[in-house]
Each structure stands twice: as structure tokens, then as C-alpha cells.
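What follows is a single structure, written as C-alpha cells, with notes after it.
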Amino acid sequence: MKKIDVITIDGPSASGKGSLAKKISSQFDLDILDSGALYRLYAYFTDLKLDNDEIKQKISEEIKFELKNMNIEIIYKSKNISNDIRTEDIAKLASKLSSKEEVRQTLFSTQRNFYSSKGLVADGRDMGTVVFKDARLKIFLTASTKVRAKRRYLELQNRGQEVNMPDLIADIEKRDFNDSSRHLSPLFPADDAHVVDSSNMSAEEVFLHVKKLIEKEYY
Ligand code: DC
């Protein structure tokens with residue numbers, strides 16, 4: 001098998017990018033970048049009233065990403081803040097902040113620094129169109145709004161967070177609109193991306209489909 005450089009996985013909220021990236025990282029022994037977590041961290045620190053320079057310093061020097069039991073844990077000052085950044089309020093603020101040039105520029109180099117000789121699987125909105133636009137294999141993972149809202153509902157419920165479906169559908173639609181219509185790095189599939197609609201596929205079926213694409217590209 002040839003050496004994998006970067007595999008990008010882009011797509012809207014709750015399309016299953018994170019689960020797919022974790023499976024690929026584990027199966028092919030690649031580093032993993034959850035770029036949405038960086039935008040959420042930016043929002044988390046903005047909420048704590050930090051400015052851009054302070055946030056840049058915190059994210060590059062004081063945050064640790066640990067992969068435990070197929071979960072990416074975000075550690076800040078020895079505390080696991082994964083649940084704190086995975087709320088709907090932080091997601092909304094992250095989506096709003098992600099349209100700002102200063103924010104995208106700050107996070108651009110942080111994201112590029114995740115790449116090492118080990119190879120990387122990177123998930124987000126603009127991995128294949130901007131941050132790793134030379135990647136050989138690009139996936140654009142999508143699913144209907146209803147299916148994505150249901151997945152997010154179960155995920156948040158599992159974390160013990162209170163949610164209701166109509167609010168969740170409205171939030172997802174609003175975030176899709178913001179992410180796709182913003183001027184800078186809007187969400188859209190790269191010309192050379194493989195578009196995968198997972199509305200009627202299980203997570204395992206999506207993984208097996210993408211595994212075949214990886215093997216085709218790299219064997
Ligand atoms: O994937 P997520 O839901 O954790 O991402 C949170 C927000 O961050 C999302 O609404 C838009 C923004 N984001 C982005 O603009 N670019 C990325 N590469 C990843 C996330």
C-alpha cells in the first residue's frame with residue numbers, strides 16, 4: 001500500500017464525519033484532525049472574553065487532544081472540556097465566528113500543523129477546498145436534515161443534554177445556511193470530492209464504502 005498523506009472529510013453538521021474520521025484513523029493508523037472542535041474551542045474562549053491573540057496561544061499551547069475509546073477528548077488545564085464545547089450554544093457561536101477572516105486565518109495554520117509524516121484524516125467544512133486542497137482523496141459526506149437532526153438528538157441525549165427535535169432541526173437548518181452561504185470558505189464539495197449521501201446508510205456501510213475508495217486510491 002502507498003503512503004497515505006491526507007484524507008479530507010467535509011460535510012454539514014451531524015452528517016457522520018466525526019465517526020467516519022475516527023474509524024479511518026484507527027483502521028489506517030493516521031493522525032486525526034477534528035477542525036470543528038477548533039472552531040468550537042475558539043467560541044468557548046470567546047465566551048470567556050479572551051481576544052484573538054490569547055485564544056491562538058491557548059489553542060496552540062494549552063490544549064491537548066487525546067483519542068480515548070474512539071472519542072477525541074479535549075483537555076484544558078487537566079480538565080476534559082469535550083462536553084463543554086459540544087453544546088448547541090457553542091456550536092451556534094462557532095458557526096457565527098467561523099465567517100470572520102481573523103478567526104479562519106488564526107485556525108488555518110493550527111490545522112495545517114496537524115499534518116505529520118504519519119498521515120492525516122481531517123474532518124470539517126473546508127478541508128478539501130481550502131486547508132488541504134492538494135489532498136489526493138476527498139470525501140463530502142452528507143445526509144438529509146431529518147436524518148442528521150435525529151443523529152444529533154441521540155448524540156446529545158447520550159451526553160445527558162436536554163434537546164427537542166423541532167429546535168434541533170431549526171438549528172441545523174440555520175447552521176447549514178450560515179456555513180454554506182458565508183463569503184469565506186463556504187461549505188461545498190471540492191470538484192474532485194467523492195460525494196456520499198448517508199441518509200440511508202449505517203455508519204458501518206459508510207465506512208466500508210469509503211474504505212474501498214481509500215484502497216482504490218492507495219493500493
Ligand atoms: O463540525 P462542528 O459542528 O463541530 O463545527 C462547528 C462549527 O465550526 C460549524 O458550524 C462551522 C465551523 N467550522 C468551519 O467553519 N470550518 C471547519 N473546517 C469546521 C467547522
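Numerical summary
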{"item": "Out of 137, 154, sole residue that is more than 10 Å from the ligand (Cβ to nearest atom), touching a helix residue (DSSP H, G or I) at 6+ places or on another chain (Cβ under 7 Å) and of a type in the set (A, V, I, L, M, F, W, C)", "result": "137"}
{"item": "Restricting region 176-201 to residues that are under 15 Å from residue 14 (Cβ atoms) and assigned to a loop (DSSP other than H, G, I, E, B), the residue that is nearest to the chain's Cα centre (by Cα)", "result": "187"}
{"item": "Residue among 162, 217, 173, 205 that alone is within 23 Å of residue 22 (Cβ to Cβ) and either without any contact (Cβ under 8 Å) to a residue 60 or more places away in the chain or in contact with a Cys (Cβ under 6 Å, 6 or more places away or on another chain) (or both)", "result": "205"}
{"item": "Considering residues of region 91-125 that are assigned to a loop (DSSP other than H, G, I, E, B) and surrounded by fewer than 18 Cβ atoms within 10 Å (Cβ to Cβ) only, the residue farthest from the ligand (Cβ to nearest atom)", "result": "117"}
{"item": "Contacts under 9 angstrom Cβ, first residue in region 106-127 being without any contact (Cβ under 8 Å) to a residue 60 or more places away in the chain, partner part of a loop (DSSP other than H, G, I, E, B), 6 or more apart", "result": "112/132; 117/3"}
{"item": "Count of region 180-193 residues which are surrounded by fewer than 17 Cβ atoms within 10 Å (Cβ to Cβ) and modelled with pLDDT of 95 or more", "result": "2"}
{"item": "Output for region 20-53, where each listed residue is closer than 23 Å to residue 141 by Cα and β-branched (Val, Ile, Thr)", "result": "24, 32"}
{"item": "Among (1) within 12 Å of the ligand (Cβ to nearest atom); (2) more than 14 Å from the chain's Cα centre (by Cα); (3) in a helix (DSSP H, G or I); (4) not acidic (Asp, Glu) - the single one residue 170 does not satisfy", "result": "(1)"}
{"item": "Residue list for region 53-63, restricted to those being part of a helix (DSSP H, G or I) and not basic (Lys, Arg)", "result": "53, 54, 55, 57, 59, 60, 61, 62"}
{"item": "Any pair with Cβ under 8 angstrom, 6 or more apart, that starts in region 22-43 at a residue that is in contact (Cβ under 8 Å) with a residue 40 or more places away in the chain and under 14 Å from residue 211 (Cβ atoms) and ends at one that is of a type in the set (Lys, Arg) and away from the ligand (no atom under 16 Å from the Cβ)", "result": "24/211; 27/211; 29/118; 30/118"}
{"item": "Output for region 1-52, where each listed residue is assigned to a helix (DSSP H, G or I), away from the ligand (no atom under 13 Å from the Cβ) and within 26 Å of residue 102 (Cβ to Cβ)", "result": "45, 47, 52"}
{"item": "Residues within region 140-150 that are away from the ligand (no atom under 12 Å from the Cβ) and in contact (Cβ under 8 Å) with a residue 24 or more places away in the chain, tallied", "result": "7"}
{"item": "Some residue of region 71-82 being outside any helix (DSSP H, G or I), of a type in the set (Asp, Glu) and without any contact (Cβ under 8 Å) to a residue 60 or more places away in the chain", "result": "yes"}
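Residue-wise test of (1) surrounded by fewer than 21 Cβ atoms within 10 Å (Cβ to Cβ); (2) over 18 Å from the mean Cα position of the chain (by Cα); (3) farther than 16 Å from residue 132 by Cβ.
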| site | (1), (2), (3) |
| --- | --- |
| 6 | no, no, no |
| 12 | yes, no, yes |
| 31 | yes, no, no |
| 40 | no, no, yes |
| 47 | yes, yes, yes |
| 67 | yes, no, yes |
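The values are calculated or read from the model by the stated rules, or taken from the named source; none is laboratory data. Owing to the predicted nature of the structure, the values given are computational and were not obtained by experimental measurement. Note that we place each Cβ from the backbone using ideal geometry, even for glycine, and neighbour counts take in every protein chain shown.
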